[in-house]
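What follows draws every value from the coordinates through simple rules; no lab data is involved. Note that the structure is predicted; figures quoted are calculated from it, not measured. Every residue, glycine among them, receives a Cβ derived from its backbone with ideal geometry; neighbour counts consider all protein chains shown.
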Amino acid sequence: MNLGKMFDWPDADVILRATHDAQTRDFRVHKTFLSFSSPVFKHMFDTQQPQSTSLDGVDIFQVGDPPRALELILRFIYPSPSPPIIDDLTVLSEALVLADEYNIEAARVQLRSSFLEFARIEPLRAYAIACRLGLTDEMRIASSHTTSIHLPSIDDLPDEFRFIPATEYHRLVLLHARYRKEVEAIASRTPLPGFSLIDTLLALPAFLNNDRVKRAKEKVRAREFAKEHFRGRIRDSVALDPETLANVLKAEGNFITAISNNDIQSHVGTILGQASDLNLTV
């Protein structure tokens, strides 16, 4: 994280002394900047007495904030030619808490935007953190990204899951079960010229080897291939609305096992549900 050593202004009129988990750091800052950006800071400076005074006569206010997270928040308050680069999900989650506590909207917006990138890179940790912080949209996005990875057992989950209810893990289990079922259904019935993708790929191990491990690996590969096919088809050629999808399926009915109106409507619902799980625009 490119925060560096800053906030040691010689003309500072207040010191924030951040102490958390045996870490302590002083931030020499300006009341005007902090009060303008945060009504909570303004109220603190207006109504509370400083805990002590520095040798050069600057008031010291004690705060129980993680120093790295507080520095990140201050970087959003002070003018800067470029936003800070955030490469630590733990610090980001702590900063999100501080952005809410100090009611700093600019920091909150930027941090949530950065959080979405971590949802793609570390979806399980991001999901648990979003659950703990009550970030509904981020929970949904992070959960959709978990479908691209293996869901570990409870004992092997990231530490962040210790701070959320077990029911949130159960929601992921249900999502993955639904995801596997619908990807297989879509891949086997989505129109493709002349062959059924999932059937062909899943049959491949029988021709290669009857070994159980190899068959399992081929099934995983098949599901991943099917998932990517579905993403590409939806994004490139099929609009995500029920009427358009139904018309496409009727037009390409020769490649669908059953094309009654009920089957088509059922297939349309499956596609729309899967598209939502994949975080595609519906």
> If the range 96-145 were replaced by its equivalent ellipsoid, with semi-axes equal to the square roots of 5 times the Cα gyration tensor eigenvalues, what would those be, largest first, whole Å?
Replying inline: 19, 11, 8
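Near Tyr102, within a Cβ-to-Cβ distance under 11 Å, what is the net charge of the other residues, with Lys and Arg +1 and Asp and Glu -1?
Charge balance near Tyr102 sits at -2.
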> Between Leu55 and Arg180, what is the spin-label point distance in nm, taking each point 7 Å from the Cα along the Cα→C-beta axis?
Replying inline: 6.5
